[in-house]
1. Suppose we keep only residues that are within 19 Å of the chain's Cα centre (by Cα) and of a type in the set (A, V, I, L, M, F, W, C) within the stretch 46-67. Which one would you say is farthest from Leu23 (Cα to Cα)?
2. In the stretch 72-89, what count of residues is obtained for those that are among the acidic types (Asp, Glu), surrounded by 11 or more Cβ atoms within 10 Å (Cβ to Cβ) and either at pLDDT 80 or above or more than 15 Å from Ile5 (Cα to Cα) (or both)?
3. Could you please find all residues in the stretch 46-89 being over 23 Å from Gly27 (Cβ atoms) and of a type in the set (Val, Ile, Thr)?
4. Please specify each residue of the stretch 43-71 satisfying the condition of being among the small types (Gly, Ala, Ser) and closer than 28 Å to Gly2 by Cα.
5. Mind listing just one residue for me: the one in the stretch 55-72 that is free of Cβ contacts under 8 Å to residues at least 24 places away in the same chain and not polar (S, T, N, Q) and, of those, nearest to Ala9 (Cα to Cα)?
6. Among the residues of the stretch 45-67, what is the count of those that are outside any strand (DSSP E or B) and either surrounded by 11 or more Cβ atoms within 10 Å (Cβ to Cβ) or modelled with pLDDT under 85 (or both)?
7. Considering only the stretch 68-87, state which residues are over 24 Å from Leu23 (Cα atoms) and among the basic types (Lys, Arg).
8. Would you be able to say whether some residue in the stretch 68-85 is part of a strand (DSSP E or B) and within 12 Å of the chain's Cα centre (by Cα)?
Amino acid sequence: MGDPIKVDALDKGWKKCTYSYSLGDEGSAGRAIGHGAMDVLTLGIWELVGTPIEGCRGDKYQIAITFDENERVVDLKRSEKNRELVKRN
């Protein structure tokens, strides 16, 4: 998942890390070829339509994991689809 988007220090040496991830937006060679063909056929105007469409693909989630002083997971919360648990820093 990479680096957390937010880390909060809690009591007793515990910490809460929030991560952001998405599902359903994997790349596709066929989709890339289709976008390239549309760019050529429309002389680049397709980018005005295609770019926002690609930006909306996939479902975005956040997950907050609370670790104790020994780095063991003691709590885990996942956001609802396309909702944030915390704002990005």
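1. The qualifying residue farthest from Leu23 (Cα to Cα) is Ile65.
2. 1
3. Ile65, Thr66, Val73, Val74, Val86
4. The answer is Gly50, Gly55, Gly58, Ala64.
5. Only one residue tops the list, namely Glu71.
6. Restricting attention to the stretch 45-67, the residues satisfying the condition of being outside any strand (DSSP E or B) are 45-58.
So of that shortlist, the ones also either surrounded by 11 or more Cβ atoms within 10 Å (Cβ to Cβ) or modelled with pLDDT under 85 (or both) come out as 45-47, 49-58.
Result for the stretch 45-67: 13.
7. Result: Arg72, single match.
8. For the stretch 68-85, residues part of a strand (DSSP E or B) and within 12 Å of the chain's Cα centre (by Cα): absent.
The values are calculated or read from the model by the stated rules, or taken from the named source; none is laboratory data. On a predicted model such as this, the values are computed, not experimentally measured, just so you know. Backbone-built Cβ (ideal geometry, glycine too); neighbour counts: all protein chains shown.
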